[in-house]
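Here is the structure we will look at, set down as structure tokens.
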Amino acid sequence: MPGTMLEVEGLATGYGAVEALKGVSLHVDKGEIVTLIGANGAGKSTLLMSICGDPRARTGRILLDGQDITAKPTHEIMRSGVAQSPEGRRIFPRMSVLENLILGAQAAGQDPAPQLPKVFALFPRLEERQSQRGGTLSGGEQQMLAIGRALMSRPRLLLLDEPSLGLAPLISRQIFAAIRELNEREGLTVLLVEQNANQALRLAHRGYVLVTGRITMSGSGAELLARPEIRDAYLGGGH
Amino acid sequence: MTAPGKAGRLGAALLDAAKAMLVAFGLFVVMVGLRTDVSSSGALLLRTRWMDVALLCAAVFVLRLAMALWVRPRLPAAGSALLGTGLTRAGLLFGPALLAVALVLPFIPGIGRYELDLGILVLTYVMLGWGLNIVVGLAGLLDLGYVAFYAVGAYSYALLAQYFGLSFWICLPLAGILAAFWGVLLGFPVLRLRGDYLAIVTLAFGEIIRIVLLNWVSLTGGPNGISGIPRPTFFGLPFSMSGGPGTFAGFFGLEPSPSHRVIFLYYLILGLALLTNWVAIRIRRQPIGRAWEALREDEIACRALGINITNTKLTAFALGAMFAGFAGAFFATRQAFISPESFTFIESAIILAIVVLGGLGSQIGIAVAAIVMIGGFELFRDLDEYRMLVFGAAMVVIMVARPRGLVGSRAPSVLLGERRRIDASLVGEGRG
């Protein structure tokens with residue numbers, strides 16, 4: 001399917017006097033998995049949050065499927081086909097798994113009924129634990145819940161912020177397999193932020209390297225993996 | 001248990017008791033030990049009461065030691081867990097039983113005017129607790145100025161009745177709407193605040209409302225308050241002692257009695273409280289109610305899901321305030337006199353204490369807490385100045401035994417398959 005799902009042009013933003021992004025441009029085509037790698041504090045999560053309008057872009061434009069969403073309020077952006085699984089999972093700990101999932105649909109103004117079986121099919125573990133409190137799940141299950149919750153709003157573009165954070169290698173491979181399955185079967189477009197560059201670049205079609213608020217490199221996943229300086233770049237760069 | 005273990009425990013307990021005594025000494029040496037009196041010549045006289053301090057410290061030592069040796073070892077193992085599951089299980093039967101008692105209370109033999117008045121008072125606080133629970137328990141917005149909306153409701157009815165001669169039944173919804181309006185007004189400036197900061201601003205808001213009521217003498221009568229507020233009618237039939245054809249007693253062919261009005265007021269507040277409960281329970285299963293709970297759990301996640309934080313917070317403030325407004329209008333018509341003195345911070349604190357003691361978010365827990373707090377307060381009336389002491393101690397005991405409140409579990413609002421409750425004591429504080 002041709003066309004661009006997400007286009008970010010010269011995006012700059014920050015928190016108060018701190019400038020976190022200094023003119024970032026990238027694009028994600030429809031049906032693509034694009035990964036954004038970089039060290040701590042490079043601005044990866046800020047970029048994902050900024051696409052959602054929080055913090056707001058100071059300069060630059062963000063286009064979703066050709067539509068300018070730069071100035072839209074956050075809740076409207078999240079209702080126009082973008083979903084995010086935020087950093088640190090941020091599931092609702094005292095609400096049940098089922099409630100968490102239902103919220104994912106209802107918060108975006110959608111009916112949860114049609115999407116629920118799909119999420120349960122993708123993560124059967126969630127179906128087993130549906131009446132359990134979110135906070136009592138293991139780390140991996142919580143990550144599944146966070147992704148499942150994001151999928152409940154039937155997004156066109158899924159933003160994933162460090163899904164492998166704090167997970168055992170086996171579990172994080174399961175999560176990555178699920179992302180690949182979503183992309184291949186449903187054609188879901190994914191923008192994935194990762195510290196685990198190795199795994200992320202293997203999964204993604206293309207990748208960008210973000211170093212202190214600027215894109216320093218881009219290319220196909222295999223291309224980036226092959227470059228010798230990539231290791232330095234995502235470990236902090238700027239020698 | 002082996003002998004060294006026992007000796008070690010005794011040593012630890014003694015040390016613990018000594019520490020507690022030291023704290024007590026620090027507190028009592030000024031509060032009890034020193035006392036100023038006015039001598040016959042009019043000069044201030046400092047009197048010392050070291051004996052009393054010594055007695056109090058000794059009492060603290062002995063009690064603390066006793067607690068460490070006998071009470072503590074058993075409490076977490078059996079007491080707390082048993083109390084927990086027991087309360088949760090009993091809750092299924094307890095709620096309907098409590099409701100049944102509330103429904104027939106005026107007709108139980110031996111229930112007189114005093115008991116009914118107390119019942120009305122308790123139910124008013126149950127209603128306020130359920131209303132505040134929407135804001136604090138469900139949406140997680142700590143509101144220390146809730147009494148302001150109660151005041152808005154009361155003054156709305158009093159002023160509308162005084163200036164425009166509107167009846168209670170017209171003013172009741174108006175009072176609710178006005179209070180909700182003020183709820184939204186408070187909501188706007190505090191949209192970005194959470195936790196402690198929110199608490200401080202809401203506290204200030206409560207005080208502002210009270211001080212305005214106190215100082216706007218031309219409208220509110222200031223500290224003199226408003227008197228002669230019309231009493232409610234039974235859908236147009238006044239409760240009058242004359243017993244004429246246009247009165248409640250005359251219409252139903254009853255002997256005129258002052259208890260008719262009290263019974264009517266009782267059922268009125270019972271109805272209002274049940275309405276609050278019904279709305280709160282229903283709304284918890286709606287998307288907006290779920291959004292409130294999500295907001296309490298994690299605001300950033302809510303944003304990421306596309307929840308409109310502004311609307312969600314404002315509706316919580318507005319709905320909570322509306323029920324306080326209803327309760328306020330009821331309070332005004334029941335008392336027939338209101339003044340800013342009825343709406344001090346201590347009222348907010350009591351309502352909040354009811355919500356917290358009841359277990360944040362639990363409807364039945366709040367009802368029990370209101371009965372314990374308000375009823376208990378009346379029960380200890382004979383203790384005079386020790387009333388607050390006993391009362392404070394009772395609250396400490398409840399919070400030690402049940403740190404999550406009387407009913408600390410939360411039932412999911414949606415289920416596929418079997419019903420399961422997760423007790424709060426099984427999961428960590430805050431993070432669930």
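Every number here is computed from the coordinates shown, using simple stated rules; none is lab data. The structure presented is a predicted model; accordingly, all values stated were derived computationally and were not measured. Every residue, glycine as well, gets a Cβ built from its backbone with ideal geometry; the counts of neighbours run over all protein chains shown.
Observations
- Relative contact order [Cα under 8 Å, 6+ residues apart], region B:320-419, whole percent: 28
- Sites residue B:34 and residue B:66, calculated FRET efficiency, Cβ-Cβ separation with R0 35 Å, nearest 0.05: 0.75
- Neighbour counts of C-beta atoms inside 10 Å place B:260, A:205 in the sequence A:205, B:260, starting with the fewest.
- Between B:353, B:306, B:259, the Cα set farthest toward the positive side of the dipole of region B:111-358 (charges on each charged residue's Cβ, about the Cα centre) is that of B:306.
- Axis of helix B:387-401 versus longest Cα principal axis of chain B: the two differ by about 70°, to the nearest ten degrees.
- On the beta carbon distance between residue B:379 and residue B:93, with R0 = 22 Å, the FRET formula returns roughly 0.35.
- In order through region B:260-271: 3J(HN,Hα) via Karplus (6.51 cos²θ - 1.76 cosθ + 1.60), integer Hz, x for Gly, Pro: 4, 5, 4, 5, 4, 4, 4, 5, 4, 6, 4, x
- Relative contact order of chain A: 27 percent, from C-alpha pairs under 8 Å at least 6 residues apart in sequence.
- Rg over Rh, two decimals, the protein assembly as shown (C-alpha only, Kirkwood Rh): 1.06
- Once both labels are positioned 7 Å from their Cα atoms along Cα-to-Cβ, the gap between residue B:267 and residue B:414 label points is 3.9 nm.
- Region A:192-220 and region A:2-21 have their alpha-carbon centroids 16 Å apart.
- Label positions at residue B:215 and residue B:174, each projected 7 Å from the Cα along the C-beta direction, are separated by 2.7 nm.
- Whole-Å distance, taken between Cα centres, linking region B:133-183 and region A:107-148: 40
- Sites residue B:115 and residue B:167 - FRET efficiency at Förster radius 41 Å, r taken between beta-carbons, to 0.05: 0.90
- The fewest-to-most ranking of B:382, A:54 by surrounding Cβ atoms within 10 Å reads B:382, A:54.
- Take the Cα of residue B:108, go 7 Å toward its beta carbon, and the backbone nitrogen atoms of region B:243-269 under 16 Å from that spot belong to B:263, B:266-267.
- Rough spin-label spacing in nm, given labels placed 7 Å along Cα→Cβ, for residue B:394 and residue A:71: 6.0
- Extent of chain B along its three principal axes (Cα atoms, max minus min coordinate, largest first): 83, 76, 49 Å.
- As a rough footprinting exposure proxy, the listed residues B:184, A:18, A:190, B:32 were ranked by other beta carbons within 10 Å of their own, and the order from fewest upward is A:18, B:184, B:32, A:190.
- Rounded to the nearest Hz, the phi-derived 3J(HN,Hα) couplings of region A:121-138 under the Karplus curve 6.51 cos²θ - 1.76 cosθ + 1.60 (θ = phi - 60°) are 5, 6, 10, x, 4, 5, 5, 4, 9, 4, 9, 7, 5, x, x, 8, 6, 6, where x marks glycine and proline.
- Peptide A:73-85 - average C-beta neighbours from other chains (10 Å radius): 4
- Gain on full stretching of the segment that runs from residue B:101 to residue B:208 - 0.36 nm per residue minus C-alpha separation: 34.6 nm
- Rounded to the nearest 20, the Cβ-based charge dipole of the protein assembly as shown about its Cα centre (Lys and Arg +1, Asp and Glu -1) stands at 920 debye.
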